[in-house]
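First comes the structure, then the notes that go with it.
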Amino acid sequence: MLSVLQFFFRQRFLLITALLLAVLQLQSCNKPTEPPSPPKTEFSFELKLADVYCTEVWLNSNAKKDINIGDTLLVISDNSILLEFIQNTLEKEIYIDGLLPGKEYVFYLTDKERKGQSAGLKTKTLDTTDHNYTWQKFEFGEIECGSSYFYDVAIVDENNIWAVGSIKSKDSLGNCHTQSYNAVHWDGDKWELKRIMFYTICGQTSLTSYPAKSIFVFNDGDIWISSSGDKIAILKESVQIDKFCLPSNVSMSINKLWGSSSNNLYAVGDGGNIVHWNGNSWKKIESGTNVNLRDIYGTSNGVTAWACGYSNDYGKTTLIRINNKKTEVVFNGSSSDMNNNEYIGPIAAIWCSSNYFLYVTNWAFIYKQPDKNLLDIKRITPWYGDVAFAMRGTGHNDISIAGQHGLVGHYNGMSYKEHKITQINGQVNFYGIATREKVVTIVGKRYDYLTSKAVILLGRR
């Protein structure tokens, strides 16, 4: 039989023990859960890189066995869980954000119980690009002969650049040319005035160097140039080799050209017009809008293209997705409408380099739009200093915009900077832009009372 003293000490011991266990259990509950060490076995499924940005990656997983629909899977890197999701299909796209630019990652896919994992997928996020350029300005045209301007530009390489528009100039005797120039070519050292010849009247043989509106360079070096009407010229190795008019059943005023090859080319224009060239014939594509289409761009494989524009009074705007030559109206309505608490505005230009996101600019911001047929824009830049008319890029980390009153801006994948260019005053408007590696070329016009001079801004990093 226990004495009173023994009973007291025993009860005290049990109480202290219970309290210690409770404290340990509480500490265990509050301690962050850490993924266990990677297992030694591997699942029989693949993890592949689809696309990489500065702070985001797209991965594709393909489960072959060992995984059941409905299982919870984890994406890990550096022994940290980046994503947890339900495997609802055997093949799945995985999106991960919040990464660091210019950093190497090794991604693994594993089940929640960590019975096994995929082979490691090593990739490096894009680093940000340099905002800084050195600039040269060039002007063309004689005020006495009328207004000169450029609408579009294309870069073959840093020593082979074309700008198109209309240049009024004088001959060697000081007289204004009766037939204007409509293009200039940069050979790495100087600009040379050029005349691109179009049929004066379709179906006849006479030729005229009408003002040129759009230019596009294909990877094989072929250059297609359109007039501001329905006429197109083709250059190869800087020499014009062909010219033609759009057939009467698809005739329109062309504003912009884009294509993945000379057998897969689109042209867009006023009144919502879209036509497609398949290498043999032209076909009209119903756009679902009558808004003037001012830009078109698409993926390198040519499967998806996007078109955008706004009405002459700026009140209506549209964004159209073209997938396998079939249009989907992503937005067609008032420029003052909102989406995700973002001002839609007049959509002026677009650019993309992958199947995952489209970059959209209205007059005020750059947005990212997912590759889907519903508008879902997300703003990635602060408010511009002025109105943007043009945008192009070389990658997710290198996008440039240009516009009214000398606006020039650059987005490097993380931040946005506008350039205060001393050679440009407030009377310059830019309408076209092209980028290639470390070169950007921007074109437009400088007002001089009732007339204007054509302007080119050449930037190098």
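The values are calculated or read from the model by the stated rules, or taken from the named source; none is laboratory data. All figures in this text were calculated on a predicted structure; none of them were measured in a lab. Glycine gets a Cβ as well: all are built from the backbone with ideal geometry, and neighbour counts include every protein chain shown.
Just give me the residues in segment 347-374 being in a strand (DSSP E or B), touching an Asp or Glu at 6+ places or on another chain (Cβ under 8 Å) and over 16 Å from Thr435 (Cβ atoms), in sequence order.
Taking segment 347-374 first, the residues in a strand (DSSP E or B) are 349-351, 357-361, 366-370.
Adding the requirement that they be touching an Asp or Glu at 6+ places or on another chain (Cβ under 8 Å) leaves 349-350, 357-358, 367, 369-370.
Across segment 347-374, the qualifying residues are Phe357, Leu358, Tyr367, Gln369, Pro370.
If you go through segment 123-135 and keep only what is surrounded by fewer than 16 Cβ atoms within 10 Å (Cβ to Cβ) and either of a type in the set (Phe, Trp, Tyr) or closer than 22 Å to Tyr181 by Cα (or both), you end up with nothing.
Residue count for segment 212-222, restricted to those that are assigned to a loop (DSSP other than H, G, I, E, B) and either free of Cβ contacts under 8 Å to residues at least 60 places away in the same chain or β-branched (Val, Ile, Thr) (or both): 4. Of the residues Ser260, Ser238, the single one that is surrounded by fewer than 21 Cβ atoms within 10 Å (Cβ to Cβ), of a type in the set (Ser, Thr, Tyr), touching a residue at least 40 places away in the same chain (Cβ under 8 Å) and over 30 Å from Val329 (Cα atoms) is Ser238.
Return a yes/no flag: does segment 325-338 have any residue that is at pLDDT below 95 and either assigned by TED's automatic domain parsing to the domain that holds Ile232 or at negative phi (or both). First the steps, then the outcome.
Step one: of segment 325-338, the residues at pLDDT below 95 are 325-326.
So of that shortlist, the ones also either assigned by TED's automatic domain parsing to the domain that holds Ile232 or at negative phi (or both) come out as 325-326.
Yes, some residue in segment 325-338 is at pLDDT below 95 and either assigned by TED's automatic domain parsing to the domain that holds Ile232 or at negative phi (or both).
In segment 244-254 there is no residue that is at pLDDT below 95, crowded, with 17+ Cβ neighbours inside 10 Å and closer than 23 Å to Ile350 by Cβ. Set side by side, the residues Gly141, Gly146, Gly120 differ, and just one is surrounded by fewer than 17 Cβ atoms within 10 Å (Cβ to Cβ) and either free of Cβ contacts under 8 Å to residues at least 12 places away in the same chain or assigned by TED's automatic domain parsing to the domain that holds Gln423 (or both), which is Gly146. Apart from one condition, Val75 fits all of (1) within 18 Å of Glu113 (Cα to Cα); (2) at pLDDT below 90; (3) surrounded by 13 or more Cβ atoms within 10 Å (Cβ to Cβ); the exception is (2). Go through (1) surrounded by fewer than 18 Cβ atoms within 10 Å (Cβ to Cβ); (2) in contact with a Ser or Thr (Cβ under 7 Å, 6 or more places away or on another chain) and name the single condition Asn425 misses. With (1) surrounded by fewer than 18 Cβ atoms within 10 Å (Cβ to Cβ); (2) in contact with a Ser or Thr (Cβ under 7 Å, 6 or more places away or on another chain) applied to Asn425, the lone miss is (2). Select from segment 312-333 the residues that are among the hydroxyl-bearing types (Ser, Thr, Tyr) and surrounded by 17 or more Cβ atoms within 10 Å (Cβ to Cβ) and write down the one among them that is farthest from Asn355 (Cα to Cα). Filtering first and then ranking leaves Thr317.
Looking only at segment 279-303, filter to residues that are among the hydroxyl-bearing types (Ser, Thr, Tyr), farther than 14 Å from Ala267 by Cα and within 19 Å of the chain's Cα centre (by Cα); which one of those is surrounded by the most Cβ atoms within 10 Å (Cβ to Cβ)? If you could, list the steps in order and put the result at the bottom.
At the first step, the residues of segment 279-303 found to be among the hydroxyl-bearing types (Ser, Thr, Tyr) are 281, 287, 289, 297, 299-300.
Checking which are farther than 14 Å from Ala267 by Cα leaves us with 289, 299-300.
Next cut, within 19 Å of the chain's Cα centre (by Cα) only: 299-300.
Numbers: Thr299: 17, Ser300: 11.
Selected residue: Thr299.
Among the listed residues Ile155, Ile201, Ile215, which satisfies the condition of being among the aliphatic types (A, V, I, L, M), closer than 30 Å to Ala267 by Cα and touching a Leu at 6+ places or on another chain (Cβ under 8 Å)? Working first, answer last.
Details: Ile155 fails: touching a Leu at 6+ places or on another chain (Cβ under 8 Å); Ile201 fails: touching a Leu at 6+ places or on another chain (Cβ under 8 Å).
Being among the aliphatic types (A, V, I, L, M), closer than 30 Å to Ala267 by Cα and touching a Leu at 6+ places or on another chain (Cβ under 8 Å) holds for just one of Ile155, Ile201, Ile215, which is Ile215.
Somewhere in segment 168-180, is a residue of a type in the set (A, V, I, L, M) and buried (at least 20 other Cβ atoms within 10 Å of the Cβ)?
Step one: filter segment 168-180 for residues of a type in the set (A, V, I, L, M), giving 173.
Among the residues that remain, those that are also buried (at least 20 other Cβ atoms within 10 Å of the Cβ) are: none.
No, that holds for no residue.
Across segment 134-182, the number of residues qualifying as among the β-branched types (Val, Ile, Thr) and either more than 18 Å from Leu235 (Cα to Cα) or in contact with a Gly (Cβ under 6 Å, 6 or more places away or on another chain) (or both) comes to 5. Entry remark, segment 412-435: residues being assigned to a loop (DSSP other than H, G, I, E, B), at pLDDT 90 or above and of a type in the set (A, V, I, L, M) number 1 in total.
Residue pairs whose Cβ atoms lie under 6 Å apart, sitting 6 or more positions apart in sequence or on different chains, and linking a residue in segment 346-357 that is within 12 Å of Ala305 (Cα to Cα) and polar (S, T, N, Q) to a partner that is in a loop (DSSP other than H, G, I, E, B) and modelled with pLDDT under 95, are Asn355/Thr299; Asn355/Asp371.
Within the set Lys115, Lys103, the sole residue that is charged (D, E, K, R), modelled with pLDDT under 85, over 30 Å from Val164 (Cα atoms) and out of contact with any Cys (no Cβ under 6 Å at 6 or more places or on another chain) turns out to be Lys115.
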